[in-house]
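A.B. asks: Next up is a structure, given as structure tokens.
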């Protein structure tokens, strides 16, 4: 039995990069031609030149809140509910439409394993002929269908358990004896704890693919103690599978159908390898061709290859939210403003805006790592901060490399009690 879902997972890193960059120009051209939103967003871009990461990094980032705004604007004018992002039209090619909070509407193409989660489930040990207890919601949102399509791709049968009704779910587990679970880690824990209380044997479930919320190592260890090997799956309703955990549990391996960048929050500027930043994804899915889609999630690239033998790049996993917008003295301050300030000073390498003080007595301090510091840098930075944010603040120049590598551009230390 193969250790991998398909041959793509074990191709050389150089081969993967060449294949993805060769596909990139075609996907940009396809998005321009078949997605009205990207016709506008990428106006004037010569798609044939977008064949490298350097060229990709020059394109604008479209963040989730912008997608929502464009969808709302289109719907208000009686236009496309997808805001022009979908390349599909209603009919046989579009099997379902989903609604995520916002609402944001997402299409599902009719292609088998449209969300590409088969790869994640295979890495979690799911195999053909097994029964999967799927406890993601089957109501409006695509979560359940994202994992169900992957289970079918592996060759599994699915019990559509959905959410809630714990007692009935335990009855079904007792009667059907599923081999695996998909759903949130919190609900899996509820099922296991309730099963113990009710003395229902659920030991048939040996493995699980979880998502939708964080699953820290302590919780993974708890599941292991209760007989279940749990693997994390990072997927979104917009992109499908982005990354997945493997048996060595050293980060998450990136899916083969996406190109991932880590950028400084509030910008589209890639950070150095290992630095925490916002996860920006370009999907190679022609049905919903998202180019440089800002997920709003923080992560970082891990060096080297996965010990499982998969050669795809790895990320650390979910490390928090990139949108650190906050209010200071009644005015919004966001990471893009911090980037705007520091971009004007080539000697500044990194910056972190710290908000402190009690409510109604907000204070701002911009901590900057800078080289070749002169006597005027602090004053110039403080003046620029007033210009950009319309607020006064102090500047503290710190040693290069001393700011935490946690992806935070704005740190709010105020007490709200």
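A.B. asks: Having 1 or more residues that are assigned by TED's automatic domain parsing to the domain that holds residue 283 and over 23 Å from the mean Cα position of the chain (by Cα) is the bar; report the helices (runs of 4 or more DSSP H) wholly within the stretch 1-61 that clear it.
C.D. replies: Numbers: elements: 13-34, 36-41, 53-56.
Correct list: 13-34, 36-41.
A.B. asks: What's the number of the only condition in (1) within 23 Å of the chain's Cα centre (by Cα); (2) farther than 17 Å from residue 34 by Cβ that residue 78 fails to meet?
C.D. replies: Of everything listed in (1) within 23 Å of the chain's Cα centre (by Cα); (2) farther than 17 Å from residue 34 by Cβ, residue 78 misses just condition (1).
A.B. asks: Further question: Can we say residue 367 is surrounded by fewer than 18 Cβ atoms within 10 Å (Cβ to Cβ), closer than 22 Å to residue 336 by Cβ and modelled with pLDDT of 95 or more?
C.D. replies: Judged against the criteria, residue 367 is a match.
A.B. asks: Mind listing whichever residues of the stretch 230-286 are without any contact (Cβ under 8 Å) to a residue 12 or more places away in the chain and crowded, with 21+ Cβ neighbours inside 10 Å?
C.D. replies: Correct list: empty.
A.B. asks: Let me ask another. Among the candidates 142, 107, single out the residue that is farther than 27 Å from residue 179 by Cβ and either free of Cβ contacts under 8 Å to residues at least 12 places away in the same chain or buried (at least 21 other Cβ atoms within 10 Å of the Cβ) (or both).
C.D. replies: 107
A.B. asks: Also, quick follow-up: Are any residues in the stretch 86-104 buried (at least 19 other Cβ atoms within 10 Å of the Cβ) and under 18 Å from the mean Cα position of the chain (by Cα), and if so, which ones?
C.D. replies: 104, the sole residue that qualifies.
The values are calculated or read from the model by the stated rules, or taken from the named source; none is laboratory data. What you see is a predicted model, and the numbers here were worked out from it, not measured in a lab. Cβ coordinates were reconstructed from backbone atoms using ideal geometry, including for glycine residues, and neighbour counts include every protein chain displayed.
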